[in-house]
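Participant: Quick one: structure below, then a few questions.
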Amino acid sequence: MKKNKFLISFLFCFLLAASVFVFNKEEAHAAGNYKLQVNKGTNVVTVYRLDGTPERAFVCSTGNATPLGTFYTPNKYRWHTLDGPSYGQYCTRIVNGILFHSVWYYRNGDYASQSYVQYNRLGTTASHGCVRLTVADAKWIYDNCPLGTQVNIIYGSSANDPLGKPVAIKVPNVREGWDPTDPMPGNPYHAAMPSINTSGANTTVSYGSQFNPLSGISAKDSLGNDITGRLAYAGSVNTHRLGSYRITYRVTDALARTAYADVVYTVSDTQKASITGVKSTLKKEYNSTLNLKKNVKAKNVTGKDLTKSIKVKIIYPGSKKEKGYSKSKLKLTKLGTYKINYYVTNPNNGLVTKATTKVTVKDTKKPKFSGISSKKTYEYNSVKNLKSKVKAKLVSGKNVTSRIVIKVKAPGKSKYSTLKEAQYKKYKFNKLGTYKIEYSVKNPYNKKAVAKKVTTVTVKDTKKPVIKGVVNQNIAFGLKLNLRSGVSAKLVSGKDVTKNLKITVAAPGAAPVEFTGTEYTFDKAGTYKVEYSVANPGNAKAVAKASKNVVVSPDTRKPDITIDNSKPRTAELNQPYDVYQGVTAALESLPITDIAAKVANKTTGAEIAITDGKVTFTEAGTYVITYTVKNPNNPDMETTREFEVVVMPNEDVSPDTPDSTQDNAAKAK
């Protein structure tokens, strides 16, 4: 009976579809700004702009009867009767009896009667052929896609869903209720919000531990579903730095509602400090000295050095009582076992760490050395007696110095070489770097009792470098010399430091000036002092200096005077005449502007005054101009040239008479 009822409803729906008007497909191609794609294979609706750009995606439920193909929407219904009968909101017809609509309702117009079982099936194939959506998504198509909107129904894969598949929120497992996305007033889910539960977070974080910011944090959506997997957070916790850190958690559910929560985590030192360098057992020679804190270190997990805070307590052989010991060295004057306890307290939490070493003391008569330094520094090429002041004795006091064996490992060598007496008495340190000198001696009564000691010798070249090639010179005036040519500097060990040479030049009568170039021009007569200096790169105080005198002979060149006499030189009476016109002077190619000149009447010898390089002749006749130029580098070297200028009488001027003077005065007026 139910099957027949369903069939009748389906036919009713189909007949409704058949009864609507036929939509013009030419109009459809121009409808709206969007086109829709329904993917039956994934139950996803993708909204595309007309240019093919995907804009949004909806999760849906299609059915086996959903047709494939391209269609154009012909009708819309705010509420519409569906199979069953059932009812849907925001219905948009795709073709025939196939519609976009909300998940169906039990009662028409009753917003609280939506089938929750079917709502929770969104995203799966569940309809009788229509395309079911949430109310919000169905409403978006209803509001934004006008009639004639193109709908492409395909059976594809997730590759056909460029924006992916959205997730629909899950509603309670009851028969019916409101669609959580329905925007209608009165929707009880309007005020619902997702929540974040931080009660499971461990807010105390051990220093240096692995920290998972999501551990103990959970989240629920607006309907109480677990959405912990959607949690996101901002902030970080540096477990290698003590302090408090705030992390803000955020979760957004399928209704696009967001919740936030803050958790403050405190990174603390919760561990004991560590003591290193303490061996669990030791064997020592009778009467030897034990350096209790050699290589023994302590620190807490934060890296703070607690070595100076280590306390030492000792239980001596034959005793059970622990005694404090403040010295760094312990002389083992008792046979038996010493129990040495090291204690350190972590100041961050008060936890105490204990490390113990057991020292077994035996008198096996290992010899003792004296006169051997652990480190020495020698100058390059120095010669030393490696056995000088070195002695060896047994604990019993017997001198075994003559039995000492000396081995040397020179820089760059991987093995020691044993030296003979003639070698170690006059050993030459002829390599820069670090030498290892090993002294060893055996107890003649116990060959397994061997004492060894190593001296580290650092060989350096700290002496002044040696400068060569600096010699006095006599040169001609104006000569250029390469001041670096032929000059070299080396360390005693042979390293070339020529490039480090610094040069200063003191010209005659002048203070020294640093010279950084290569060629220097000696343009003053007299004695130059050129000083070279270079420091040992390994010892800035070891500076070598060398100097030379460069004697520059005087400049004996005479200047040249050039007079352009291509045209006759004449001057007019009572008119200024430029005595320097066409006259130039130079010292070889160097121009000289300081040209002295004097003008004299050739007949009378009387000199005519020169003003601003010009002279005014008041009498006709022949005049001599004498030019003199001196070498600016040597005033004794001068050149003199003469040049004649003819001053012609002015023929159109009558001799001065009282009448002519009056006429001229009249003309002047």
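The values are calculated or read from the model by the stated rules, or taken from the named source; none is laboratory data. Keep in mind that what you see is a predicted model, and the values were worked out from it rather than measured. Using ideal geometry, Cβ is built from the backbone for each residue, glycine included, and neighbour counts are taken over all protein chains shown. Protein only, heavy atoms only, side chains kept; ligands, DNA and RNA dropped before computing areas. Shrake-Rupley method; radii C 1.70, N 1.55, O 1.52, S 1.80 Å.
Participant: Applying the selection to the range 370-392, what residues are of a type in the set (D, E, K, R) and outside any loop (DSSP other than H, G, I, E, B)?
Facilitator: LYS375, LYS376, GLU379, LYS384, LYS391
Participant: Oh, and also: Take the range 319-348 and flag every residue that is closer than 18 Å to LYS297 by Cα, part of a strand (DSSP E or B) and not aliphatic (A, V, I, L, M).
Facilitator: TYR325, LYS329, ASN341, TYR342, TYR343, THR345 - these are the residues of the range 319-348 that are closer than 18 Å to LYS297 by Cα, part of a strand (DSSP E or B) and not aliphatic (A, V, I, L, M).
Participant: Restricting to the range 104-125, and then to whatever is in contact with a Ser or Thr (Cβ under 6 Å, 6 or more places away or on another chain) and under 22 Å from GLY186 (Cα atoms), can you tell me which residue is most open to solvent (accessible area, probe 1.4 Å)?
Facilitator: The qualifying residue most open to solvent (accessible area, probe 1.4 Å) is ARG107.
Participant: Ok, one more. Determine, yes or no, whether ILE217 is modelled with pLDDT of 95 or more, open to solvent by 40 Å² or more (accessible area, probe 1.4 Å) and β-branched (Val, Ile, Thr).
Facilitator: no
Participant: Given the criteria surrounded by 16 or more Cβ atoms within 10 Å (Cβ to Cβ) and in a loop (DSSP other than H, G, I, E, B), does VAL395 qualify?
Facilitator: Spelling it out, VAL395 is indeed surrounded by 16 or more Cβ atoms within 10 Å (Cβ to Cβ) and in a loop (DSSP other than H, G, I, E, B).
Participant: I would also like to ask the following. What is the one condition in (1) touching a Pro at 6+ places or on another chain (Cβ under 6 Å); (2) on the phi > 0 side of the Ramachandran plot; (3) surrounded by fewer than 15 Cβ atoms within 10 Å (Cβ to Cβ) that GLY32 does not satisfy?
Facilitator: Exception for GLY32: condition (3).
Participant: Taking the range 445-459 only, how many residues are touching a Lys or Arg at 6+ places or on another chain (Cβ under 9 Å), of a type outside the set (A, V, I, L, M, F, W, C) and within 20 Å of TYR416 (Cα to Cα)?
Facilitator: 3
Participant: Within the range 201-212, identify whether any single residue is surrounded by 15 or more Cβ atoms within 10 Å (Cβ to Cβ) and in contact with a Pro (Cβ under 7 Å, 6 or more places away or on another chain), and answer yes or no.
Facilitator: The answer is no; no qualifying residue exists.
Participant: I would also like to ask the following. Just to verify a result, which residue in the range 349-369, among those that are open to solvent by less than 60 Å² (accessible area, probe 1.4 Å) and in a strand (DSSP E or B), is farthest from LEU306 (Cα to Cα)?
Facilitator: If we take residues in the range 349-369 being open to solvent by less than 60 Å² (accessible area, probe 1.4 Å) and in a strand (DSSP E or B), then PHE369 is farthest from LEU306 (Cα to Cα).
Participant: To continue, here is another question. Can you say whether VAL551 is in a strand (DSSP E or B), among the hydrophobic types (A, V, I, L, M, F, W, C), on the phi < 0 side of the Ramachandran plot and surrounded by 13 or more Cβ atoms within 10 Å (Cβ to Cβ), as far as the supplied structure shows?
Facilitator: yes
Participant: Select from the range 249-274 the residues that are open to solvent by 50 Å² or more (accessible area, probe 1.4 Å) and of a type in the set (A, V, I, L, M, F, W, C) and write down the one among them that is farthest from VAL344 (Cα to Cα).
Facilitator: It comes out as ALA256.
Participant: So which residues in the range 569-590 are open to solvent by 100 Å² or more (accessible area, probe 1.4 Å) and within 20 Å of THR640 (Cα to Cα), if there are any at all?
Facilitator: Passing the criteria: GLN581, GLU588, SER589, LEU590.
Participant: Between residues in the range 91-102 that are over 14 Å from GLY69 (Cα atoms) and among the polar types (S, T, N, Q) and residues that are open to solvent by less than 10 Å² (accessible area, probe 1.4 Å) and in a strand (DSSP E or B), which pairs lie under 7 Å by C-beta distance while being six or more apart or on different chains?
Facilitator: Final answer for the pair search is THR92/LEU99; THR92/PHE100; SER102/GLY88; SER102/GLN89; SER102/LEU133.
Participant: Follow-up. Could we say that SER440 is over 30 Å from VAL487 (Cβ atoms), open to solvent by 80 Å² or more (accessible area, probe 1.4 Å) and not aliphatic (A, V, I, L, M) here?
Facilitator: no
Participant: Just name the residue that is least open to solvent (accessible area, probe 1.4 Å) out of those in the range 275-293 that are touching a residue at least 24 places away in the same chain (Cβ under 8 Å) and closer than 21 Å to VAL352 by Cα.
Facilitator: Step by step, filter the range 275-293, then rank; the result is LEU292.
Participant: Could I ask something else about it? Take LYS272 and tell me if it is more than 30 Å from ILE437 (Cβ to Cβ) and either out of contact with any Leu (no Cβ under 9 Å at 6 or more places or on another chain) or of a type in the set (A, V, I, L, M) (or both).
Facilitator: no
Participant: While we're here: Across the range 220-236, what is the total count of residues that are surrounded by fewer than 19 Cβ atoms within 10 Å (Cβ to Cβ) and in contact with a strand residue (DSSP E or B) (Cβ under 8 Å, 6 or more places away or on another chain)?
Facilitator: Matching residues across the range 220-236 total 10.
Participant: List pairs: first residue in the range 295-321 and within 11 Å of SER274 (Cβ to Cβ) and open to solvent by less than 20 Å² (accessible area, probe 1.4 Å), second residue part of a helix (DSSP H, G or I) and among the hydroxyl-bearing types (Ser, Thr, Tyr) anywhere in the structure, Cβ distance under 8 angstrom, at least six positions apart or on different chains.
Facilitator: Correct list of pairs: ALA298/THR307; ALA298/SER309.
Participant: A further question follows. Output the residues belonging to the range 621-653 that are in a loop (DSSP other than H, G, I, E, B) and surrounded by 13 or more Cβ atoms within 10 Å (Cβ to Cβ).
Facilitator: Matches in the range 621-653: PRO632, ASN633.
Participant: Which residue out of SER157, SER113, SER127 is under 54 Å from the mean Cα position of the chain (by Cα) and not charged (D, E, K, R)?
Facilitator: Sole residue among the options that is under 54 Å from the mean Cα position of the chain (by Cα) and not charged (D, E, K, R): SER157.
Participant: Which condition number does ALA422 fail, the rest of (1) of a type in the set (A, V, I, L, M, F, W, C); (2) in a strand (DSSP E or B); (3) open to solvent by 40 Å² or more (accessible area, probe 1.4 Å) being met?
Facilitator: All conditions are met except number (2).
Participant: Here are some conditions: (1) in contact (Cβ under 8 Å) with a residue 60 or more places away in the chain; (2) more than 29 Å from SER382 (Cβ to Cβ); (3) exposed (fewer than 14 other Cβ atoms within 10 Å of the Cβ). ARG557 meets all but one. Which one does it not meet?
Facilitator: The single condition ARG557 does not satisfy is (3).
Participant: Considering each residue of the range 238-264, count those that are under 31 Å from the mean Cα position of the chain (by Cα) and either hydroxyl-bearing (Ser, Thr, Tyr) or within 30 Å of VAL167 (Cβ to Cβ) (or both), and give that number.
Facilitator: Residues that pass the stated criteria total 6.
Participant: To continue, here is another question. Go through the range 126-179 and give me each residue that's exposed (fewer than 15 other Cβ atoms within 10 Å of the Cβ), among the hydroxyl-bearing types (Ser, Thr, Tyr) and either touching an Asp or Glu at 6+ places or on another chain (Cβ under 6 Å) or farther than 20 Å from THR53 by Cβ (or both).
Facilitator: Listed by number, the residues that qualify are TYR155, SER157.
Participant: Just checking, how many residues over the range 522-548 are over 30 Å from SER589 (Cα atoms), in a strand (DSSP E or B) and open to solvent by less than 70 Å² (accessible area, probe 1.4 Å)?
Facilitator: Within the range 522-548, residues that are over 30 Å from SER589 (Cα atoms), in a strand (DSSP E or B) and open to solvent by less than 70 Å² (accessible area, probe 1.4 Å) number 13.
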